[in-house]
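Here the structure comes first, spelled out in C-alpha cells, and everything after it is commentary.
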C-alpha cells in the first residue's frame, strides 16, 4: 500500500487512512513491534501476532528479567512445547470442516500450554516475561477464532511479506545509505515493483527505458595468454 522513509507509525497510519477504507479491515498482522498495535488496531479489528517472532523474541525478554542463556532453557522449552508454536501454514491448510474436533483439541491444548507457562512465570520474579507471554497468548491465537467462525485459515506469521521485502532491503543496503531521501524513495519504488510485480516488469522497462522483452545480455570472458 505504500513505502515510507523516516516516518512514525502514527504518520503511516494517517497516510493509510487516506489510501484505503480502513474500517473494512478485519485483522491486523504484526510482529509485535512497539507502537504497531497502538496505531493500527482499530475498534472491531482483531490482532494476529506472528508466531515466529513470538518464539524469537522470548529469549530477549527473559534476558531483560536477568536470566542468562542456560537459565532460559526450561522456559523456552515450555513455550516450544505449546502446539501452536509447532504449526505450519501448510499443515493447517490440510485441515477442513471435517477436522473440527481436531482443531478444537489443538486450540484447547494451546490454551492450556500458555496457562502452564504463565504459572511458571510468577510476576514478582519475571515481570517482563510474564507480561510478554500474557499479551502473546491473547493475540497469537486469532487464527483459531477466525477458522471456527469462517472455516478459513489466515496467516500465522508475517514471513511472506518479510521474505519478499528482504529482497528489497538487500538491494538498497549497500547504496541506500549514501543516497538522498528522494533518491532512495525512487530506487525503492523500482525495486518493489520488480519484487512484488514481476509480471509487469517488462512493461516497466518498455515505458521508462524504451527496452522490450527481447533484450539479451551476453557475458563474455576474455583471456590473454603470452607466448
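FYI, it's all coordinate maths here, none of it is from the lab. Since we're looking at a predicted model, the values are computed, not measured.
Structural remarks
- Considering only 134, 109, 125, the mean-square fluctuation computed in a Gaussian network model of the chain, springs between alpha carbons under 10 angstrom, is largest for 125.
- Angle between the chain longest axis and helix 159-176 axis [Cα atoms, degrees, rounded to 10]: 50
- Per residue, the chain reaches -18000 deg cm²/dmol at 222 nm when only DSSP H runs of four or more residues are counted, each adding -39500 (n - 2.57).
- Comparing 140, 103, 190 in a Gaussian network model of the chain where C-alpha atoms under 10 Å apart are linked, the largest mean-square fluctuation is found at 190.
- Between residue 14 and residue 123, full extension at 0.36 nm per residue minus the direct alpha carbon distance yields a gain of 35.6 nm.
- Across 88, 142, 70, mean-square fluctuation computed from a Gaussian network of the chain (C-alpha pairs under 10 Å connected) peaks at 70.
- Against the chain, whose longest principal axis comes from its Cα atoms, helix 100-119 is set at around 80 degrees.
- Taking segment 1-63 and dividing mean pair separation by its residue count, relative contact order in percent (alpha carbons under 8 Å, at least six apart): 29
- Rounded tilt (10° steps) of 69-81 against the dominant C-alpha axis of the chain: 80
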